[in-house]
Structure formats: C-alpha cells, structure tokens
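Visitor: Next up is a structure, given as structure tokens.
Readers should treat all values here as calculations from the given coordinates under stated rules, not as data from a laboratory. The structure presented is a predicted model; accordingly, all values stated were derived computationally and were not measured. So basically every Cβ, Gly included, is an ideal-geometry build from the backbone, and we count neighbours across all protein chains shown.
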Amino acid sequence: MKTIIDRANTRGKANFGWLDSSHSFSFGRYYNPQKMGFGLLRVLNDDYIAPGTGFGRHPHDNMEIISVPISGGLAHQDSEGNEHEIRAGEVQIMSAGTGIEHAEMNLSKTETTNFLQLWIFPKRQNIKPNYAQKSFPAAERKNKIQTIVSPTDEEALWINQDAVLSLANFEKEQSADYKFHFSGNGVYAFVIKGQIAVGDQVINQRDAIGIYDTEQFSFKALDNAEVLLIEVPLN
C-alpha cells in the first residue's frame, strides 16, 4: 500500500469576501504543479459562502460535479430547467456532458454556508447533461461506511465514471475496513471533522490521505470523525 498525505494548511487559499475557499488541488488563481489532482479527481474545494451571495451562472462541460453541503444550504438553478434547494445531509451530482450552465447561491440571508465541491473527469464524453440529488441520513452511516455516489449502486447517486464516493461517521476508537470497488482505483480520504489513523499515519480535520496500490485498507477514529472517501481511477 502506498500513501500520500495532504495537510489542511498546505491547501491553496482564495478569499473574495463573499467566498472563502480552500483548494486541495490547483484551481483558479492557485497553481501548484505538484497538486493537479488525485487520479481522475481534479477538484476538491472547501467553500464558505457568505449570506445572500453565491456563484452566478457559469458553464461546464464533460465533468462530473458533486456538491456535499456541510452546513447551511444552496439554491441550484441550471440551463436544463432544474431548480432545487440542497441542504446539509443531502448530496448533489451534475454530469455536465455536452454543456450546462448553472448557478449556486447561499439559501440564507444571515448564515454562512459551507460545502465541498468535487470535480471528477467523466468516463464517457459528451453525454446528455444529467442532474440528481438525494438525502443521506447521518444515522445510516453511524460507525459504518455509506455509499453516496456510484455507477452501480441503485441506492446511491449515479456517476459517469468508475468512481465511488462514501461518507462515514465514526465514534472514537471505532474502526472500519474499506475494500476497493474497482481494480486499480485509489482512494482520497478527506477528514471533514475529527481525526483518524490509517496505519501509523494520523490524519487530522481537513487533512486528506491518498491511498493506492492496494485492494483494501483499514482506518480507525482517534476522535469522533466524519470522513469523505473518494475512490477514483488513477488514470
């Protein structure tokens, strides 16, 4: 098993007043040739959006875009006619395909919204744009791993890639084994809250560890922990 660790304080930063964002990989004005993604995971942004503000309408194509609200909520509107609200406890995915424009605004006029946005390169190019969202109750991932995005799991949101995203909420001292869904994939484990150990590596809040060249691995919660596990092809 091989690993790579990205500490929270090494992420790129962008603060525009209305948006305070930390970039795990090169994005926008932040460029680091050593941080261009993990396999086909291209973007992992940790975004804080000020009340009453958000991302105006902008285009995407041929990218799988996943939003995971941590606190607060977003109003989504796109050129395919989708208009939805997404809140903490839900997950949203958009296959941009041949092209789509969308806007994301903070639902609240008084509270900051925090969400993770991920971009994953698609398996097939130029598909018809697709949008979906679903609620994933935290009680269903207490001390276990809950699949939220998958190309094959009917209980999860569909993605146009051999990629699987999972959330796990573990109490202190609890542990789990993760078995890869696709041969040759890697996992980028991002600690949303708390602290975990993978082998002898301690991964703190907002740190991440990339794991590859193995078929499975184990992790243990050193404190109450919430973890996003992102399994993607490496090339």
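Visitor: Just want to confirm a number: the relative contact order over the chain, from Cα pairs under 8 angstrom separated by 6+ residues, in percent.
Guide: Once divided by the residue count of the chain, the mean separation gives 19 percent.
Visitor: Which listed residue (Leu228, Thr147, Asn185) has the Cα farthest towards the positive end of the charge dipole for segment 138-233, taking +1 on Lys and Arg C-beta and -1 on Asp and Glu C-beta about the Cα centre?
Guide: After comparing all options, I get Leu228.
Visitor: Let me ask something else about it. Give the lysines reachable from Lys172 as a straight Cα distance under 26 Å; neighbours fewer than 8 places away on the same chain don't count.
Guide: By straight Cα distance, Lys172 reaches Lys2, Lys142, Lys144, Lys193, Lys220.
Visitor: Hey, if you drop one equal point scatterer on each alpha-carbon of segment 7-103 and run the Debye formula without solvent, what base-10 log of I(q)/I(0) do you get at q = 0.11 Å⁻¹?
Guide: After summing over all Cα pairs, the log10 values are -0.35.
Visitor: Just name one of Ile211, Ala163, Gln201: the one whose Cα is farthest towards the positive end of the charge dipole of segment 138-233 (beta-carbon charges, Lys/Arg +1, Asp/Glu -1).
Guide: Among Ile211, Ala163, Gln201, the one farthest towards the positive end of the dipole of segment 138-233 is Gln201.
Visitor: Mind checking the log10 I(q)/I(0) for the chain at q = 0.15 Å⁻¹? Debye, one equal scatterer per Cα, no solvent, two decimals.
Guide: -1.04
Visitor: A further question on this structure: Under a 10 Å cutoff between Cα atoms, tell me which one of Met63, Met36, Met94 has the largest fluctuation in the Gaussian network model of the chain.
Guide: Looking only at Met63, Met36, Met94, the biggest GNM fluctuation is shown by Met36.
Visitor: Give the distance, in whole Å, between the Cα centre of segment 118-180 and the Cα centre of segment 57-97.
Guide: Comparing the Cα centres of segment 118-180 and segment 57-97, I get a distance of 15 Å.
Visitor: Given charges of +1 on the Cβ of Lys and Arg and -1 on the Cβ of Asp and Glu, with all other atoms neutral, how large is the dipole of the chain about its Cα centre, in debye to the nearest 20?
Guide: The calculated dipole for the chain is roughly 480 debye.
Visitor: If the only charges are +1 at each Lys and Arg Cβ and -1 at each Asp and Glu Cβ, what is the size of the charge dipole of segment 1-130 around the Cα centre, to the nearest 20 debye?
Guide: Here segment 1-130 has a charge dipole of around 620 debye.
Visitor: Most mobile of Arg29, Arg141, Arg206 per a Gaussian network model of the chain (Cα springs, under 10 Å)?
Guide: Arg29
Visitor: Taking the Cβ of each residue in Glu173, Glu154 as the centre, tally the other Cβ atoms inside 10 Å and list the residues starting with the fewest.
Guide: Ordered by Cβ neighbours within 10 Å, fewest first: Glu154, Glu173.
Visitor: Would you please name the trypsin sites (Lys or Arg not before Pro) within segment 151-196 that are DSSP coil residues with at most 11 other C-beta atoms within 10 Å of their C-beta?
Guide: Counting only loop positions with at most 11 other Cβ atoms within 10 Å, none of the trypsin sites (Lys or Arg not before Pro) in segment 151-196 qualifies.
Visitor: Going out from 0 in 10 Å bins, what whole percent of all Cα-Cα distances in segment 138-233 drops into each bin?
Guide: 18, 52, 28, 2
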